[in-house]
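Engineer: Quick one: the structure is below, and I'll ask about it shortly.
Any read-out appearing in this document is the output of simple, stated calculations on the displayed coordinates, not a laboratory observation. Note that this is a predicted model, so its numbers are computed, not measured. In this analysis, Cβ positions are derived from the backbone assuming ideal geometry, glycine residues included, and neighbour counts consider all displayed protein chains.
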Amino acid sequence: MSGMRHLRTVLALFWSGNRPMLAAGAALALTTALAGIALLGLSGWFITATAIAGASLATALVFDVFAPAAGIRFLALARTASRYGERLVTHDATLQVLARLRERLFRSFAGDEAARRLAARPARLLFRLTVDIDALDSLYLRVVVPLAAAVGSALVTALVLGLIAPVLGAGIGAALIVAGLAIPAAAAARAKKPARRRAHALEVLRARTIDLMRGQSDLVMANRLAAQAAAVSAADARLAGAEDALNRIETGTGLAFAIAGAGLVAVTLVAAAMLAENGAIGASVAALAVFVALASLEPFTALRRGALEFGRVLLSARRLRPKLEEAAGTSPRPSMPSNLLHAVEIDGVTVRYDAAGCPVLAGQSLIVGKGEHVALIGASGAGKSTLLSLIAGEIAPEAGTVATLPATLLTQRSELFHDTLRGNLALARADAGEAGMLDALHAAGLGPFVASLPDGLDTVLGEGGIGLSAGQARRLALARLLLRDTCVWLLDEPTEGLDGATARDVIERLDARAQDRALVIVTHVRREAELADRIVLVEGGRIVADAARGSEGHEELLGRLRPD
């Protein structure tokens, strides 16, 4: 029951996404199914009626072959057109809904605290955004649409056969609903566990394969390469076993539909023969009834694949529902007023991470003036990066208030993607033109390098920025910071890992472009702290010293830092 509750929530999110297209897709699927049934039924009637009419010259001369032939051609064309329209509309509607769900899920993962929790298990975000969201396309394409088409066609079939003989229509309609729904339901129940095993095995296989490919050096050094390869093989064997079980269930489901279809046709054939023998209907109408019954179970067979994947859909819905609801119920982060007296105002904040007994910050306050440069120093784990995360809005305080002008955070890691230089820069500002991007690159010291590239801004980088040196990657991240053009810049050890010459150049360029912006730098290096108008010492989650340039304690705090 809990699984259906999760499913209802996801269905509601689906339905709220694009109702006209979703409804149109189901309607086109029903049209396709009805056109197929009508085509076979009319063809059977036409063949039989033509044979009967040809038995004598008198009936052959008056029999109209053109109207039924035109009807058959129309139904054939209508079935083809509606099938094409169904594929087009249903897939377009599904992709649009999945894109919105993926965006909503990503926003929930990008909320307060979520990014930090995901850092321990980054593969989870990837699987939720790709595998779990993609699994939901079966909910509409292979469950909802075929179900609507099958039930609708069964009702129309019962109505048509009911016009021939009410008892026949009621019986065939009831048999269609019972058999057509019972077989997929039984298949779904049997496939639930194998489908979940397959989903888990696929995730494990992907994760272990990625670990094997990206961690070969570490695995060789630890003498664990063979063990990791064996783990990949074990996951692959488990995946193969789950897929074999699903294939057996699919084969059995197909056999059950074949048996049910044969039984349905046999019953209809006997009933139509009895009605024809009693003179209630003619031979051509009896043929119509038999051929309609022959095609009436086909729409239900489309549920076979959806039944096999239903367990996977339920698992995805259970995993995604909390995050999707959380994102739907979370209002956007309120924009800070532009008339703040200061660039950053932190008042009495307390921050505590999950499962932590002691707060990382306890009742701390910090003011950063507009255009003021502040360096946060202290031992690792003192709370400096937490202050930056507070200002950036990545975490929310347990107590106290945080108000800032628009801010941009530059972390120690340069997050670059397998994309062009232009695409990586567009992440900072999507509407930045080529001139603005080149200006930012020149300001970051990458202008000559980009000018020397044959493709310029369209040069493709590898994953993680492969193709750039560490210094070039940091400069590209700096160019993104410059493109953002916000009032507050937050820098977390911006030159860590760079050689002395590159680090000094980056600092000089930052200093040149940050004169009219508030700057907050977390640092252990003297050259970075020398940019600051004030140095703030953080120890044990508390601000214990705050010295302005030229004051008595300023030089003493600078002396605590690592030289260039």
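Engineer: Once amide H atoms are placed 1.01 Å from N in the peptide plane, what residues at a sequence separation of 5 or more from residue 521, or on another chain, have their amide H within under 5 Å of its amide H?
Structural biologist: 374, 375, 376, 491
Engineer: So if I place +1 on the C-beta of Lys and Arg and -1 on the C-beta of Asp and Glu, and nothing else carries charge, what would the dipole magnitude of segment 409-515 be about its Cα centre? I want it in debye, nearest 20.
Structural biologist: In total the dipole reaches around 120 debye.
Engineer: Sorted by average packing, counted as other Cβ atoms within 10 angstrom per residue and highest first, what order do 465-475, 310-320 take?
Structural biologist: For the peptides 465-475, 310-320, the packing ranking is 310-320, 465-475.
Engineer: Can you list residues from other chains, or at least 5 along the same chain, whose modelled amide H is less than 5 Å from the amide H of residue 361?
Structural biologist: Close amide H contacts, sequence-distant or interchain: 351.
Engineer: Residues with amide H under 5 Å of residue 461's amide H, sequence separation 5 or more or different chain, H placed in the peptide plane at 1.01 Å from N; which?
Structural biologist: Under 5 Å from the amide H of residue 461 lie the amide H atoms of 419, 420, 421, each far enough along the sequence or on another chain.
Engineer: So in the chain, what percent of DSSP beta bridges are antiparallel if you round to the nearest 5?
Structural biologist: 50
Engineer: Could you work out the relative contact order of the chain, using alpha carbon pairs under 8 angstrom and six or more residues apart, expressed as a whole percent?
Structural biologist: Over the chain, the number comes to 15 percent.
Engineer: Here's another thing I want to ask about it. What is the helix-to-structure angle for 145-164, meaning the angle in degrees between its Cα long axis and the longest Cα principal axis of the chain, kept from 0 to 90 and rounded to the nearest 10?
Structural biologist: 20
Engineer: Let me ask something else about it. Projecting each Cα onto the charge dipole of the chain (Lys/Arg +1, Asp/Glu -1 at the beta carbon, about the Cα centre), which of 90, 348, 541 comes out farthest on the positive side?
Structural biologist: 90
Engineer: Can you sort 168, 457 from fewest to most other Cβ atoms within 10 Å of each residue's own Cβ?
Structural biologist: If I rank by nearby Cβ atoms, fewest first, I get 457, 168.
Engineer: Grab the Cα-Cα distance for residue 469 and residue 185, subtract it from 0.36 nm times how many residues apart they are, and report the gain in nm with one decimal.
Structural biologist: That pair, residue 469 and residue 185, stretches by 96.5 nm at full extension.
Engineer: For residue 370, which lysines qualify as cross-link partners when the Cα separation must be under 30 Å and same-chain residues fewer than eight apart are set aside?
Structural biologist: 384
Engineer: For the chain, what is the mean residue ellipticity at 222 nm derived from helices alone (per DSSP H run of n ≥ 4: -39500 (n - 2.57); sum divided by total residues; nearest 500 deg cm²/dmol)?
Structural biologist: The helix-only estimate for the chain comes to -21000 deg cm²/dmol at 222 nm.
Engineer: Apply the Karplus parameterisation 6.51 cos²θ - 1.76 cosθ + 1.60, with θ equal to phi minus 60°, to every residue of segment 416-427 and state each ³J(HN,Hα) to the nearest whole Hz, in sequence, with x for glycine and proline.
Structural biologist: With coefficients 6.51, -1.76 and 1.60, one gets 10, 10, 6, 7, 6, 4, 4, x, 5, 6, 5, 4 Hz.
Engineer: Continuing with this model, one more query. Using the alpha-carbon atoms, what tilt in degrees (0 to 90, nearest 10) does helix 283-296 show relative to the longest principal axis of the chain?
Structural biologist: Compared with the principal axis, the helix lies near 20 degrees.
Engineer: Please compute the contact order of segment 2-328 in relative form: average sequence separation of alpha-carbon pairs under 8 Å and at least six residues apart, divided by the residue count, as a percent.
Structural biologist: Across segment 2-328, relative contact order equals 32 percent.
Engineer: Hey, another quick one. Would you mind checking the tilt of helix 470-484 against the longest principal axis of the Cα atoms of the chain, expressed as 0 to 90 degrees and rounded to 10?
Structural biologist: Rounded to the nearest ten degrees, it is 80.
Engineer: Mind giving me the nanometre distance, one decimal, between the label points for residue 452 and residue 247, set 7 Å out from Cα along Cα→Cβ?
Structural biologist: 5.5
Engineer: Work from the charge dipole of segment 2-328 (Cβ charges, +1 for Lys and Arg, -1 for Asp and Glu, about the Cα centre) and give the residue of 315, 295, 53 farthest towards its positive end.
Structural biologist: 315
Engineer: Checking the cross-link filter: which lysines have an alpha carbon closer than 27 Å to that of residue 323, excluding same-chain neighbours under 8 positions apart?
Structural biologist: Excluding near neighbours in sequence, the set is 192, 193.
Engineer: Residue 545 to residue 225: FRET efficiency via 1/(1 + (r/R0)^6), r the Cβ-Cβ distance, R0 41 Å, to the nearest 0.05?
Structural biologist: Calculated transfer efficiency: 0.25.
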